[in-house]
Amino acid sequence: MKLNVKKLVMTALFAALACVATMSIRIPTPGTNGYIHPGDAVVILSGIILGPVYGFLAGGIGSAMADLLGGYFIYVPITLIIKGLIALISGIIYQRFGKLRKAVISAWYWAVSPTSYW
């Protein structure tokens, strides 16, 4: 396997972005002692933009770093796995249906384009 430096740097940047987004805005959820944060959106985007494997690494490591820095030490391993799987699954779904979506949009554009009737 050839090491892609650009992909590696993007993975590190998305991990840092996931960490910062998780720690920046925290809306507490009553009853669970957890919180809602924009880091979940970054985890999903990492799977879509980087692909399933690198998205798994970026989302998992970034969210685990946020737990580590936030003092939630007990949740670090499970966060690494769960958030990584979320990025992995979102990347797989996008790869399967994203191409189909692009084909539908281009077919729709061709069908309704004013130049297609002339």
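The values are calculated or read from the model by the stated rules, or taken from the named source; none is laboratory data. This structure is a prediction, so every number in the text was calculated from the model and none was measured. Using ideal geometry, Cβ is built from the backbone for each residue, glycine included, and neighbour counts are taken over all protein chains shown. We work out accessible area using only protein heavy atoms, side chains counted, and drop any ligands, DNA or RNA first. Shrake-Rupley method; radii C 1.70, N 1.55, O 1.52, S 1.80 Å.
Remarks
- Just one residue in the set Leu68, Leu50 is open to solvent by 20 Å² or more (accessible area, probe 1.4 Å) and free of Cβ contacts under 8 Å to residues at least 60 places away in the same chain; that residue is Leu68.
- Of residues in the stretch 71-88 being of a type outside the set (A, V, I, L, M) and assigned to a helix (DSSP H, G or I), the one least open to solvent (accessible area, probe 1.4 Å): Gly84
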